[in-house]
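For reference, the structure discussed in these notes is given below.
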Amino acid sequence: MEKIENGAQMQAFVDGLQNSQPYQFGNLAEFGIEKQTYNADSPLQGRKIGFLGSSITYGAFSHGISFVDYLQACDGVDAVKSAVSGTTLAGNDADAYLTRFNHDFNPVDSYDLIVCQLSTNDGRQGKKLGEISKTNDFDLNTTIGAIEFLCHEVQTKFNCPIVFYTCVDTLMDPNYAKLVQILYQLSQKWNFSIIDLYNDPGVLATTRVRKNAMFDNIHPTQEGYLKIWLPVFEKRLAEFLSDK
């Protein structure tokens, strides 16, 4: 999600929401947090999980509700959600991933897992991709350097796994596809798991038939998060934590 610079852009943005069928019908009351049932038998109950990301982790077009909030409401996850729309992995801006990671997550809080969104913003904002490092001297102004820094910090200070997730993109942006491929290379080096929604044929198939599940090509509505994303994250996170 890109930042809105002026009043005219803001008005056009608001008008677009009012006229959007997915925004209106994908965020109906039936999908609201208060309508969901808590599963007291969930294997994720009481697990402390940190979620780091941007607009998709936040829920920019679903009233600030994302899969993270459903995990908390339905599965009893002790979730810490650090998500700001339009932010990137690379860089040291006040709201950038790394800045918030250092501010919002404390190693003494005994996390079971850290989950990080593979940003869709780095490429659109022209951030340098970088190269996989041969040392622990990471270039934090590059996307790869930022990912490696996060892996190093979590593994050395938090004593818990880190998991990355990729985002659905119904337009299949080739630049993001390249970043996903690099993420798999990094997973071999750092031994982390990936929840790959971008390449998940089941997720893509059900997204195509649920016309109100996506506001646009990358941002889900509450229906998308609840009916498509939540079951995937429940299953995969339980697998990651089954031996912990």
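The values are calculated or read from the model by the stated rules, or taken from the named source; none is laboratory data. Remember, predicted model here, so these are calculated numbers, not experimental data. Virtual Cβ from ideal backbone geometry, glycine too; neighbours counted across all protein chains shown. The area values use the complete protein model at the heavy-atom level, side chains included, leaving out ligands, DNA and RNA. Shrake-Rupley method; radii C 1.70, N 1.55, O 1.52, S 1.80 Å.
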Going through region 24-102, which chymotrypsin sites (Phe, Trp or Tyr not before Pro) have at most 12 other Cβ atoms within 10 Å and a DSSP loop state? TYR38
Pop out the carbon and sulfur fraction of the accessible area of region 46-172 as a percent, whole number, probe 1.4 Å. 47 percent
Any trypsin sites (Lys or Arg not before Pro) in region 74-173 that lie in a DSSP loop and have at most 13 other Cβ atoms within 10 Å would be LYS134
Answer in debye to the nearest 20: the dipole magnitude of region 195-244 about its Cα centre, from +1 Lys/Arg and -1 Asp/Glu charges placed on Cβ, is 180 debye
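In debye to the nearest 20, how big a dipole does region 32-89 give about its Cα centre with +1 on each Lys and Arg Cβ and -1 on each Asp and Glu Cβ?
On the way: 4 positive and 5 negative charges, 28 e Å.
So the magnitude is around 140 debye.
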Flagged as over-length at 31 Å C-alpha distance, from LYS178/LYS227; LYS81/LYS157; LYS128/LYS211; LYS134/LYS178; LYS128/LYS227, the pairs are LYS128/LYS211; LYS128/LYS227
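Could you sort ASP69, ASP75, ASP109 by their accessible area in this structure, using a 1.4 Å probe and putting the largest first?
Numbers: ASP69 35, ASP75 5, ASP109 70 Å².
Descending order: ASP109, ASP69, ASP75.
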Tell me, what is the percent relative contact order of region 73-145, built from C-alpha pairs under 8 Å that lie six or more residues apart? 32 percent
Highest-MSF residue in the chain out of GLY26, GLY126, GLY53 [GNM, Cα springs under 10 Å]: GLY126
Share, in percent, of DSSP beta bridges within the chain that are antiparallel, nearest 5: 5 percent
Counting only C-alpha contacts under 8 Å and six or more residues apart, can you give the relative contact order of region 76-235 as a whole percent? 18 percent
Region 135-203 - percent relative contact order, Cα under 8 Å, separation 6 or more: 32 percent
Just to confirm, what accessible area per residue do you get for region 123-176 at 1.4 Å probe, in whole Å²? 53 Å²
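Ignoring ligands, DNA and RNA, how do HIS152, HIS63, HIS219, HIS103 rank by accessible area with a 1.4 Å probe, largest first?
Values: HIS152 50, HIS63 110, HIS219 10, HIS103 150 Å².
Correct descending sequence by accessible area is HIS103, HIS63, HIS152, HIS219.
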To the nearest 20 debye, what charge dipole does the chain have about its Cα centre, counting +1 at the Cβ of each Lys and Arg and -1 at the Cβ of each Asp and Glu? 300 debye
How much mean residue ellipticity at 222 nm does the chain get from its helices, if each DSSP H run of length 4 or more adds -39500 (n - 2.57) and you divide by all residues, to the nearest 500 deg cm²/dmol? -10500 deg cm²/dmol
Using a Gaussian network model of the chain whose springs link C-alpha atoms within less than 10 Å, name the residue from ASN121, ASN27, ASN217 with the highest mean-square fluctuation. ASN217
Normalise the Debye intensity by I(0) for region 25-101, one equal point scatterer per Cα, no solvent, then take log10 at q = 0.16, 0.18, 0.19 Å⁻¹ and round to two decimals. -0.64, -0.76, -0.82
Given H placed 1.01 Å from N in the peptide plane, which residues other than close sequence neighbours of GLY86 have an amide H under 5 Å from its amide H? SER55
Labelled set [x] 51, 46, 33; [y] 46, 44, 35; [z] 67, 53, 32; Cα extents along the principal axes in Å computed from this model equals the value at [x]
